[in-house]
Amino acid sequence: MRQAIQTLSVETRGKGLSAITRPVLDWVAAQGIRTGLLTLWCQHTSASLTVQENASPAVLADIARYFDTIAPEAPGRYAHDDEGPDDMPAHLRAMLTGVQLTIPVADGRPVLGTWQGIYLFEHRRAPHRRTIVLHLIGDATPSPS
């Protein structure tokens, strides 16, 4: 059994979903672990992680608009606004989508579906540098068929 850990720094452009699939796939492939479990952990309370469709940009835009309706920026609505009107809605959105993903690894690759990609979901308006911790545990031997 082997383990590997790495941090991935992601520069966001403000609110929205940023694809991180490629750097995650590249890192996993470089570890030489053929069968195992990948955990991704977002070290922030105003950004989150999600697996979502990676084919149609309309899906990502619709998701962002939906989150604007369920956790709106509304002055006076929230007691916590220490960092501005997008502060508390960002915490709510991160709580709803989560800060951790766990993905099986088989044949040296995360087992994602055909249309699935891994995304960092930035919930703040301003650009941020976000840190994602990648942890991989498994074996170098191929998975049994």
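The values are calculated or read from the model by the stated rules, or taken from the named source; none is laboratory data. None of these values were measured; they are calculated from a predicted model. Heads up, the Cβs are rebuilt from the backbone with ideal geometry, glycines too, and the neighbour counts pull from every protein chain shown.
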If only one of L17, L38 is surrounded by 16 or more Cβ atoms within 10 Å (Cβ to Cβ), part of a strand (DSSP E or B) and in contact with a Pro (Cβ under 7 Å, 6 or more places away or on another chain), which one is it?
-> L38
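Against the condition over 16 Å from R109 (Cβ atoms) and either touching a strand residue (DSSP E or B) at 6+ places or on another chain (Cβ under 9 Å) or not in a strand (DSSP E or B) (or both), how does D26 come out, does it pass?
Here the answer is no, as D26 does not meet what is asked.
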Restricting attention to segment 46-64, does a residue exist that is in contact with a Lys or Arg (Cβ under 8 Å, 6 or more places away or on another chain), closer than 17 Å to R130 by Cβ and assigned to a loop (DSSP other than H, G, I, E, B)?
-> yes
Listed by range, strands (runs of 3 or more DSSP E) wholly within segment 95-145 having at least 1 residues that are surrounded by 14 or more Cβ atoms within 10 Å (Cβ to Cβ), out of contact with any His (no Cβ under 9 Å at 6 or more places or on another chain) and among the hydroxyl-bearing types (S, T, Y) are 116-122
In contact with a strand residue (DSSP E or B) (Cβ under 8 Å, 6 or more places away or on another chain), among the hydroxyl-bearing types (S, T, Y), modelled with pLDDT of 95 or more and surrounded by fewer than 12 Cβ atoms within 10 Å (Cβ to Cβ) - does that describe any residue in segment 43-62?
-> no
